[in-house]
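The values are calculated or read from the model by the stated rules, or taken from the named source; none is laboratory data. Predicted model only: the values in this text are computed from it and were never measured. For neighbour counting, all protein chains shown are included, and Cβ atoms are generated from backbone atoms with ideal geometry for every residue, glycine included.
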Amino acid sequence: MSDIHPESEQLVDKHSAESRTSTSSAPLADNELQAQDKNSDKSDQEDEQSSGSAETELSENLGCAAFFLSLGLTFLAIPAAQVLLPTAAPERSINRFGMVSLTIGTPMVASSVWGIVNSVFAAQKARKDRLRRTFHNLLEQNQGRISLLTFSRETNISGQEAKDFLNERAQEFNGTFELGENGGINYLFEISPT
């Protein structure tokens, strides 16, 4: 054994020690699986809470933006009425009150529209992130196999949306598909061990 490099001896000793303990660690493997299941349940609960809070935040943002949009449009209605409605004065112009209303109403409407558009884009991004997170979790749990029905059920989206999403991921990650025993579509992805 003097010809063997010291690091190689350590690796051999480590491997033999692991093989001796692997036979006695079967109950530990069950405990580890239970711990992984608990962690998975916790991450599912966190996903549900984060998606619920994102939806609540979106509705609050849209409600606030809608309020300021209606208020801004009310301010803009004053100068519009001064120009469009016939008055006793021969010229149709905006008086001081109309200018103040125009000055207040324009930024309100602009910021409200920006807030609505921003909220919609944020909601779309949050939805895409949730779909991707669910996709990756299912990949890990099912060793690279995802059924169309399972993905649709887990993400609460229609079957067609789930199919489109999984088809995109199959193209992106060189996935394949097969028909399941009950006629459903199973998507297969090659995952590397971690």
- Would it be correct to say that residue 71 is modelled with pLDDT of 85 or more, within 30 Å of residue 168 (Cβ to Cβ) and out of contact with any strand residue (DSSP E or B) (no Cβ under 6 Å at 6 or more places or on another chain)? no
- Select from the stretch 164-194 the residues that are out of contact with any strand residue (DSSP E or B) (no Cβ under 6 Å at 6 or more places or on another chain) and buried (at least 17 other Cβ atoms within 10 Å of the Cβ) and list them in ascending order. 165, 169, 189
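Any chance you could count how many residues in the stretch 91-117 are without any contact (Cβ under 8 Å) to a residue 40 or more places away in the chain and assigned to a helix (DSSP H, G or I)? Spell out how you get there, then give the answer.
From the stretch 91-117, those without any contact (Cβ under 8 Å) to a residue 40 or more places away in the chain are 91-107, 110, 114, 117; that's our starting set.
Now restrict to residues that are assigned to a helix (DSSP H, G or I): 96-107, 110, 114, 117.
The number of residues fulfilling the criteria is 15.
So which strands (runs of 3 or more DSSP E) are wholly in the stretch 144-194 and hold at least 1 residues that are in contact (Cβ under 8 Å) with a residue 40 or more places away in the chain? Before the answer, list the steps.
Numbers: elements: 145-147, 176-179, 185-188.
Those strands (runs of 3 or more DSSP E) span 145-147, 185-188.
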- What tally of residues in the stretch 40-68 results from selecting those that are at pLDDT 75 or above and surrounded by 13 or more Cβ atoms within 10 Å (Cβ to Cβ)? 6
- Task: Could you pull out the residue among 113, 109, 100 that is modelled with pLDDT of 85 or more and touching a Gly at 6+ places or on another chain (Cβ under 7 Å)?
- Result: 109
- Task: Mind listing whichever residues of the stretch 136-153 are polar (S, T, N, Q) and closer than 16 Å to residue 183 by Cα?
- Result: 147, 150, 152
